[in-house]
Each structure stands twice: as structure tokens, then as C-alpha cells.
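Down below is the structure, laid out as C-alpha cells.
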């Protein structure tokens, strides 16, 4: 899909599409509501971080999901934390670079 031009970062629509796809793939977002609840800014669930050796990654911290509705019964459930690391083979497909581009252009 990248080679055919369906996925990419060259247009706003493609950038949104690839981010929705990548977030679902890397962060295991299952429901559409999980995608719609994503926030940017100081309360963002997606943080950009680096390891001690300098490898960059994005970290997703679950807020509310299908299995963690945020109610009293869900208080004991640990929210999931997932990471997506740099793609050194295909740097143009690296989720952190795409997310940074989105933040810069928004």
C-alpha cells in the first residue's frame, strides 16, 4: 500500500489515515471510540521518549477502553502501556516521525 501510494504522509488525508492505522496496529486500539478519545497536548496519551542509548519511541498509556471503562469496577485494572520503537529499515514509516509531522502541521 505504501508503494502504490495509498498510504503515505504527503497529503493531510493520507497522514491521518496512516496515523489511525499505525496507532491501531502498534498500540492495540480496538474500538473506534479509543481512536476518537486520543488527545494531543499536555493531556496526551501518546508520549515521545528516548531510551538511554538514544533510540526514540512513542509510548501509549491507556485512558479508557473496552476493557477499562473507568468505573468503580475497573479501578483495579492496570492500564496498558505499549511502545512503538524506531523503524531503522523504513524510517519514513516510523510512527514517531509521522506523529511529529502531524503535531507540527496541526
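The values are calculated or read from the model by the stated rules, or taken from the named source; none is laboratory data. This is a predicted model, so every value here is computed, not measured. Virtual Cβ from ideal backbone geometry, glycine too; neighbours counted across all protein chains shown.
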Notebook entry, point to check: When you look at residue 46, is it at pLDDT below 80 and in contact with a strand residue (DSSP E or B) (Cβ under 9 Å, 6 or more places away or on another chain), yes or no?
Noted result: no
Item checked: Count of the stretch 38-52 residues which are surrounded by fewer than 14 Cβ atoms within 10 Å (Cβ to Cβ) and over 18 Å from residue 91 (Cα atoms) -> 7
Item checked: Qualifying residue in the stretch 15-24 (condition: over 17 Å from residue 103 (Cβ atoms), modelled with pLDDT under 80 and assigned to a helix (DSSP H, G or I)) -> no
Next item on the list: Considering each of 29, 7, 19 in turn, give the residue that is in contact (Cβ under 8 Å) with a residue 40 or more places away in the chain, surrounded by 11 or more Cβ atoms within 10 Å (Cβ to Cβ), on the phi < 0 side of the Ramachandran plot and touching a helix residue (DSSP H, G or I) at 6+ places or on another chain (Cβ under 9 Å).
Entry: 19
Check: Restricting the search to the stretch 1-14, which residues are part of a helix (DSSP H, G or I) and closer than 22 Å to residue 57 by Cα?
Finding: 14
